[in-house]
Amino acid sequence: MTDEVDNITLSYGDWQTDAQALGWPSGIAISKQLAYIMANGFKQSMTDASAMTKEQKAKAHADAIAAGHDVTEAQAVEAKAHEQRAKRFADILAGTVGVGAGGPRLPQIDRVMREIAEEQVAAAVRANNDNAAKGLSKPNGVRYEVLSMPKGDNLKTLVEKRLSVAGDAIRLAAQSRIDAANSAVLDLGIDLG
């Protein structure tokens, strides 16, 4: 069939590969529909890799300035986007890009511990912002500044830090939550087995 080929080129900006380099068997036809999905998926993945929030863009600019680069925010954001796309491209070639739900789920106790740690980070941000609104200063004399709730990798880092500092107490609280939830289910007469 003339509409089918056994390899297609996948490209996005500076990055280019083909279906066979990503594991498509030579000699096996790729329909137009599948070729579209492959090309579109590659482009969308590369686009998604460079998506940044307003805070992440500001951080990219601040990091570039701190590194001694005299650049505008737009230049810093484009450089960071290029870096993120290069990493995504390498992950695609290595076959390490996550799909779907992102792999196996954490055990229930670990999921609940992370939820509690994230709640504690959020509570700390709210307390900080309350202090900033009141014009208070920290014990070292520096005034509190209003913080935005961390997201993405920043939140993940703070959750990990919180777990490393208070992991035992958080584990106890998590087990207590799980036990209370299981008890509530049993009180409703629902069979978990």
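The numbers here are math on the coordinates, done by the rules we state, and not lab data. Computed from a predicted model, the values in this text were never measured in an experiment. Here the Cβ positions follow ideal geometry from the backbone for every residue, glycine too, while neighbour counts run over all protein chains shown.
Extension gain, Ala181 to Lys57, is 40.6 nm, computed as 0.36 nm per intervening residue step minus the present C-alpha separation.
One Cα centroid belongs to segment 159-183, the other to segment 15-64; the line between them spans 38 Å.
Relative to the longest principal axis of the Cα atoms of the chain, the long axis of helix 73-94 makes an angle of roughly 70 degrees. Structural descriptor for the chain: relative contact order 15 percent, calculated from alpha carbon pairs under 8 angstrom and at least 6 residues apart.
Here, the chain yields an orientationally averaged convex hull projection of 19.1 nm² when only Cα atoms define the hull. Remark: segment 136-145, residue by residue, has Karplus-estimated 3J(HN,Hα) of 7, 10, 6, x, 8, x, 7, 5, 5, 10 Hz, where x stands for each Gly or Pro and the curve is 6.51 cos²θ - 1.76 cosθ + 1.60 at θ = phi - 60°.
Quote the charge dipole size of the chain about the Cα centre in Debye, to the nearest 20; the model charges only the Cβ of Lys and Arg (+1) and of Asp and Glu (-1).
Details: 22 positive and 25 negative charges, 137 e Å.
It works out to roughly 660 debye.
For segment 108-187, the relative contact order comes to 41 percent (Cα pairs under 8 Å, sequence separation of at least 6). Is the shape of segment 1-115 rounded, prolate or oblate, going by the alpha carbon gyration tensor and its root eigenvalues a ≥ b ≥ c, with a/c under 1.5 for rounded and a/b larger than b/c for prolate? Since a/c reaches 1.5 but b/c is at least a/b, the shape of segment 1-115 is classed as oblate. Give the longest segment of the chain that steers clear of trypsin sites (Lys or Arg not before Pro) in DSSP loops with at most 11 neighbouring Cβ atoms within 10 Å, not counting the sites themselves. Longest gap between qualifying sites, sites excluded: 1-104. Take the cross-link list Lys43/Lys161; Lys57/Lys134; Lys80/Lys138; Lys57/Lys156; Lys59/Lys156; Lys32/Lys80 and give me the ones stretching past 26 Å between alpha-carbons. The pairs that break the limit, which is 26 Å between Cα atoms, are Lys43/Lys161; Lys57/Lys134; Lys80/Lys138; Lys32/Lys80. Between amide H atoms placed 1.01 Å from N, distances below 5 Å from Val5 occur with Ile30, all of them 5 or more places distant or on a separate chain.
Taking every DSSP helix (H) stretch of at least 4 residues in the chain, weighting each as -39,500 (n - 2.57) and dividing the sum by the residue count yields a mean residue ellipticity at 222 nm of -21000 deg cm²/dmol.
Over the Cα atoms of segment 110-179, each weighted equally, I'd like the Debye log10 I(q)/I(0) at q = 0.28 Å⁻¹, rounded to two decimals. Once normalised to I(0) and log-transformed, intensities are -1.12.
So for segment 9-94, averaging the separation of alpha carbon pairs under 8 Å that are six or more residues apart and normalising by length, what relative contact order in percent results?
Numbers: 58 pairs, mean separation 26.6, N = 86.
After rounding, I find 31 percent.
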